[in-house]
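So the structure is just underneath, and the comments pick up after that.
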């Protein structure tokens, strides 16, 4: 637990995240699996926690690769958290990513709501 942010809970809000392994208070490893059409990716990521504003904001920096696809990714995620009294929910996620290898395509920042 980091401040009021429980990293396994926040990571569980990201579709496809599994095999989370906390490596310290501010870093963890995980696998992110996604499928788009016939292409399936399994990126093994190392993630470091950046800025934290308890019950308001959390930033993460992830780097990793999918060896089967010969691709790598660098991603910066910013979570806007909503304080709901005894609970904190993920309100918005801002993602900036960069792919290299087979999955390399022109990239733009993505913003999504949960």
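A few comments on the model shown:
- Each residue of region 7-113 gets 103 Å³ once the volume of the Cα convex hull is shared out per residue.
- Choice from 94, 102, 45 showing the highest fluctuation, given a GNM over the chain with Cα pairs closer than 10 Å: 102
- Note: relative contact order over the chain, using C-alpha pairs below 8 Å and six or more positions apart, is 16 percent.
- This ranking places 17, 10 by how few other beta-carbon atoms lie within 10 Å of each, fewest first, which gives 17, 10.
- Listed peptides 76-85, 20-29 appear in the order 76-85, 20-29 once ranked by packing, highest mean of other Cβ atoms within 10 Å at the front.
- Distance between the pseudo-spin-label points of residue 63 and residue 18 (7 Å out from Cα toward the beta carbon): 2.7 nm.
- Centroid-to-centroid separation of region 76-105 and region 1-65 [C-alpha atoms, Å]: 9
- Helix-only [θ]222 nm of the chain, DSSP H runs n ≥ 4, -39500 (n - 2.57) each, per residue, nearest 500: -1000 deg cm²/dmol
Readers should treat all values here as calculations from the given coordinates under stated rules, not as data from a laboratory. These numbers come from a predicted model, not from an experiment. Here Cβ is always computed from backbone atoms with ideal geometry, including for glycine, and neighbour counts include all displayed protein chains.
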